[in-house]
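**Q** The following block contains the structure, expressed as structure tokens.
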Amino acid sequence: MTVGLCRAYDRDALAHAVGARVLVDRVWPRGISKADLDLTLWAKQAAPSTGLRKWFGHLPARWDAFRRRYIAELDAAPENLMPIRALMAKGPVVLIYGAKDRAHNQAVVLRDYLDGVDGTA
């Protein structure tokens, strides 16, 4: 099934996003209203732990270690992904995130994980 990505602050992309909208941050994006995101689901439980998020700090130098640690968290609690997988069974899903860095954020890891990239699933 199709899993897309969209930054919460990219109003143009949000307007054209097709599928169930799933916020994958533990913290609500600052300055964004609930109406702006028009979410299907806020999957806090699927986001990285607070400790991992703070350690990562969106530093590209920590990206590989962050990926490994986040995947370990996902592997340890597969039930946290059940609501997202249920939406995926019905159609496309758009993972929404707040990070500025479009290449180094949890939504990228989660999309790859859900798509079974790198042997994950």
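Just so you know, all these numbers are worked out from the coordinates, no wet-lab data involved. This one's a predicted model, so the numbers in the text were calculated from it and none came from an experiment. All Cβ positions, glycine included, derive from the backbone under ideal geometry; neighbour counts span all protein chains shown.
**Q** Give the Debye-formula value of log10 I(q)/I(0) at each listed q (0.20 Å⁻¹), with one equal scatterer per alpha carbon of the chain, two decimals each.
**A** Taking Cα atoms of the chain as identical point scatterers yields -1.15.
**Q** What are the lysines whose alpha-carbon lies under 27 Å from the alpha-carbon of residue 90, with same-chain residues fewer than 8 places away excluded?
**A** 34, 44
**Q** Shifting gears a bit: What relative contact order, as a whole-number percentage, does the chain give when Cα pairs under 8 Å and 6 or more residues apart are counted?
**A** 41 percent
**Q** Calculate the dipole size of segment 3-119 relative to its Cα centre from +1 charges on Lys and Arg beta carbons and -1 charges on Asp and Glu beta carbons; express the result in debye to the nearest 20.
**A** Working: 18 positive and 13 negative charges, 69 e Å.
Rounded to the nearest 20 debye, it is 340 debye.
**Q** Can you work out the FRET efficiency for the pair residue 30 and residue 90, with r the C-beta to C-beta distance and R0 = 30 Å, to the nearest 0.05?
**A** So the FRET efficiency works out to roughly 0.50.
**Q** Pop out the ³J(HN,Hα) list for segment 65-77 in order, Karplus 6.51 cos²θ - 1.76 cosθ + 1.60 with θ = phi - 60°, rounded to Hz; leave Gly and Pro as x.
**A** For segment 65-77, the Karplus-derived couplings read 5, 4, 3, 4, 5, 5, 4, 4, 5, 5, 4, 6, 9 Hz, x marking Gly and Pro.
**Q** Calculate, for residue 68 and residue 103, the FRET efficiency according to 1/(1 + (r/R0)^6) with r their C-beta to C-beta distance and R0 25 Å; round to the nearest 0.05.
**A** Given R0 = 25 Å and the Cβ-Cβ separation, E is 0.90.
**Q** Run through segment 47-121 and list the trypsin sites (Lys or Arg not before Pro) located in a DSSP loop whose Cβ has at most 15 other Cβ atoms within 10 Å.
**A** Taking segment 47-121 and a limit of 15 other Cβ atoms within 10 Å, the loop trypsin sites (Lys or Arg not before Pro) found are 100, 102.
**Q** In deg cm²/dmol and to the nearest 500, what is the mean residue ellipticity at 222 nm of the chain if only DSSP H runs of at least 4 residues count, each as -39500 (n - 2.57), divided by the residue total? Kindly include the intermediate steps, with their values, before the conclusion.
**A** Numbers: 6 runs with 50 residues, N = 121.
Dividing the helical sum by the residues of the chain leaves -11500 deg cm²/dmol.
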